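Worksheet: the structure to be examined is printed underneath.
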Amino acid sequence: MTLWRHELRLLLGQRLSAFALILLALLTVAAVGTGMAEVARQRAAIAAIPAAQAEDIGAVADYVDRTKDAGSAAYYSFFPTWDAPAPLAFAALGMRDVAPHILRVRSLGLEAQIYDGDIFNPEIALPGRFDFAFVLVFLAPLFVIALFHDLKSGEREAGRQRTLDALPRGGGALWRRRTGLRLLLLWAALGLPFAVAALVEGVAFGIILLVLGVILAYLLFWIALAALVGWLRWSSVANAATLAAAWLVLVLIVPTLGNVVIDRVIPVGQGAEIALAQREIVNHAWDIPRGDTMRRFYATHPSLSDSAPLGAAFHYKWYLAFHQNGDDAVAPKVRAYRAALERRDRAGRAFGWVLPSVGVQALLTRLARTDLTAQLAYQDRIRAFHARLRDFFYGYVFYDRPFGRADFGRVPRFDDRAGG
């Protein structure tokens, strides 16, 4: 232990090393704090939903209760859905930074409502929000470079290399202590703030250990790279420049180029195109015979075909029918769009097996449930809830059942835990 304490004093006596370790710890604390604040903001917004929803529905109910018109209730009522953040979301915000985690939907055409705000798909690690994943993937390698670029070359340039080589086994124990100490301090600067935040957020102990293992493995990769460059016996300046260039290539340039290649190989349209196509079909329904609309609708909903025929006046069942037809018409586009997103996502994750920076980012967002898979799962829960919502209102609208204030209490409610 005396030798380890001596090495620690020597290391902390170097201003650059001490500053690097303190700065990394402060950046990690700031990152986890920023992530926790963002997750807390999202949870607060979700917690505020019931009160806001009660106020909105109360206003609609005041109007509908006078007319007892179920179609008006279906048209004017918005119902909230939400995607609550997982406990680990603070560490890797992922798509929660660009995709909605709260969406209010009506019992009208759903696809336009979902794709009004298109999904962004950062399958490959690129600079994003300042969170723990950003500090680990993009910044931590720079601190490894700062502490390891001159581990041996510095001794050689100071004229102490021959003395160290004269130690038993060429001073192997000394180099292992120095490497191990730097690794331990870097790991602590990253891992301790993360572990404290994870415990506060209620992250499962096994997940905490797994992330700590990922941190250790990622640091070891960069330390091994620094050792490989040091083995070439270049100067400290040349080592630092080479490692900085390696960081630029492995963390920024190659992931960016990989993203471009995947985009070219697996082209994906825009969700806004689906929303536009659905709206065009809905708008076109005003210009075609209403009988054509109803026949198309009853072909997919035969259980409602025994409802009364349409009269000359406007009826909400025709309006709801052509919204449903619009969703059915763009369903192949939705499936193709989703399949392309999933293929692109799989390609990005496969790239992570080759490039550690990409792999670490992908693993953290998967564990935090903030990746594309989690966002698509949220969409599935929205669709399941919307199907229940439509079926509920169809039972009133198609059979002209009166809809009063008490009926709002029977409307299906979204349950994130139950998948809609």
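The values are calculated or read from the model by the stated rules, or taken from the named source; none is laboratory data. These numbers come from a predicted model, not from an experiment. When we count neighbours, we look across all protein chains shown, and the Cβ atoms used for this are built from the backbone with ideal geometry, even at glycine.
Figures for the structure shown
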quantity	calculated
Selection count where residues are part of a loop (DSSP other than H, G, I, E, B) and within 14 Å of Asp416 (Cβ to Cβ), scope the stretch 47-91	4
The stretch 204-241, residues that are touching a helix residue (DSSP H, G or I) at 6+ places or on another chain (Cβ under 8 Å), more than 21 Å from Leu186 (Cα to Cα) and not aliphatic (A, V, I, L, M)	Arg233, Trp234, Ser235
Residue check, Gln379 in contact (Cβ under 8 Å) with a residue 40 or more places away in the chain, more than 27 Å from Pro80 (Cα to Cα) and outside the structural domain of Phe205 (by TED's automatic domain parsing)	no
Only listed residue being in the same structural domain as Gln375 (by TED's automatic domain parsing) and small (Gly, Ala, Ser), chosen from Ala240, Ala244, Ala277, Ala224	Ala277
Test result for Ala40, outside any helix (DSSP H, G or I) and more than 30 Å from Tyr396 (Cβ to Cβ)	no
Of residues in the stretch 98-112 being under 30 Å from Ala197 (Cα atoms) and in contact (Cβ under 8 Å) with a residue 40 or more places away in the chain, the one surrounded by the fewest Cβ atoms within 10 Å (Cβ to Cβ)	Ile102
Any chance Phe148 is buried (at least 23 other Cβ atoms within 10 Å of the Cβ) and either assigned by TED's automatic domain parsing to the domain that holds Leu257 or modelled with pLDDT under 90 (or both)	yes
Selection count, the stretch 248-280, where residues are of a type outside the set (D, E, K, R), surrounded by fewer than 19 Cβ atoms within 10 Å (Cβ to Cβ) and assigned to a helix (DSSP H, G or I)	14
Search result, residues across the stretch 380-413 that are within 19 Å of Ser72 (Cβ to Cβ) and in a loop (DSSP other than H, G, I, E, B)	Phe398, Tyr399, Asp400, Arg401, Pro402, Phe403, Gly404, Gly409, Arg410, Val411, Pro412
Residue satisfying condition, being of a type in the set (Lys, Arg), more than 18 Å from Ala188 (Cβ to Cβ) and at pLDDT below 85, within set Arg9, Arg43, Arg5, Arg15	Arg15
Only one of Leu363, Leu310 that is more than 23 Å from the chain's Cα centre (by Cα) and either modelled with pLDDT of 95 or more or not in a helix (DSSP H, G or I) (or both)	Leu310
Counted residues, the stretch 219-237 - those being in contact (Cβ under 8 Å) with a residue 60 or more places away in the chain and assigned to a helix (DSSP H, G or I)	9
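Let's see how each residue does on (1) outside any helix (DSSP H, G or I); (2) more than 30 Å from Ala368 (Cβ to Cβ); (3) at pLDDT below 90:
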| site | (1), (2), (3) |
| --- | --- |
| Ala99 | yes, no, yes |
| Leu103 | yes, no, no |
| Ser107 | yes, yes, no |
| Glu111 | no, no, no |
| Ile114 | no, no, no |
| Ile124 | yes, no, yes |
| Phe134 | no, no, no |
| Leu139 | no, no, no |
